[in-house]
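Take a look at the structure set out below.
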Amino acid sequence: MKDSSVFWDKISEKYAKSTIKNIPAYEQTLDRTRSYLKAGDRVLEIGCGTSNTAVKLAPSVGEYVASDYSRGMVEIGQKRAAEAGLSNLKVVQGAVSDAQFEDASFDHVLGFNLFHLVPDDVAIFKQVHRVLKPGGLFISKTPCLAPMRFLFSPLIGIMKITGKAPHVTLYGTDTLEAAIVSAGFEVIEYGDYPARKTPSRFLVARKV
């Protein structure tokens, strides 16, 4: 985790300047997510990056906590939250396993374009389950690169050696869903935004 945070700290400024490559798919993800959010909800987003998505979703809920373990990302996110004037949005440094996130304290947990980049996804899914209220929703979107494993595996390996890439898990949609279900969830919605050979799988899973 420490090695990953160092990587993201180094690229935080560059990351903040990057643009979204597929706006329609991004907006579709936001729309499907908003359909589950209510004005009184308390929401935790993990791996929020520079809080671009948090700023867009926070107006839909009562309290929105955006978290990331990279200090560089958090500092940029805090500036964005302040500029947006969102009093209900708090951007903090930390991982979902931290004590600051109490058991059964959130209505929803969100994680976008994150879980393929963490070494121990199953442990994180269990922590998401821990902090959700009974019946709470885990809403995520994850690139599933397994169909192109023959291309991505050697490329990622080289980039990791040169310090240009973090850990990457090459999910299939089936293995991703199985990992989330095994952590104590039932999937109630799924979709691919965008739909392609290596999809980004949008999942809504309820804590059971």
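Here are the numbers for this structure:
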item: Residue-normalised accessible area of the range 7-90, expressed per residue, 1.4 Å probe, Å²; result: 52 Å²
item: Globularity ratio of the range 1-146, using Cα Rg and 2.2 N^0.38 Å; result: 0.98
item: Theoretical gain in end-to-end length, Arg206 to Asp103 [0.36 nm per residue, Cα-Cα removed]; result: 35.5 nm
item: Pairs of lysine residues in the range 17-94 - Cα separation under 25 Å, sequence separation of 8 or more or cross-chain; result: 10
item: Rg/Rg_ref, the range 23-70, where Rg_ref = 2.2 N^0.38 Å and atoms are Cα; result: 1.12
item: Counted charge near Leu110, where neighbours are those whose Cβ lies closer than 15 Å (Asp, Glu -1; Lys, Arg +1); result: +4
item: The range 58-124: Cα Rg divided by the 2.2 N^0.38 Å rule of thumb; result: 1.16
item: Charge context of Gly94, other residues only, Cβ under 13 angstrom, K/R +1, D/E -1; result: -2
item: Cβ-based net charge around Ser35, under 15 Å, with every Lys or Arg adding one and every Asp or Glu removing one; result: +1
item: Stokes-Einstein D (µm²/s) once Rh is taken as the Kirkwood radius of the range 89-152 over alpha-carbon pairs, at 10 °C in 1.306 mPa s; result: 121 µm²/s
item: Descending semi-axes in whole angstrom, ellipsoid equivalent of the range 169-208, from the Cα gyration tensor; result: 19, 12, 5
item: Of all accessible heavy-atom area on the range 1-142, the percent that carbon and sulfur account for (1.4 Å); result: 51 percent
item: Furthest towards positive pole of dipole, Gln100, Ala66, Ala81, structure part the range 36-122, Cβ charges; result: Ala81
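The values are calculated or read from the model by the stated rules, or taken from the named source; none is laboratory data. Keep in mind it's a predicted model, so treat the numbers as computed, not measured. Virtual Cβ from ideal backbone geometry, glycine too; neighbours counted across all protein chains shown. Side chains are part of the model used for accessible areas, which takes the heavy atoms of the whole protein and leaves out ligands, DNA and RNA. Shrake-Rupley method; radii C 1.70, N 1.55, O 1.52, S 1.80 Å.
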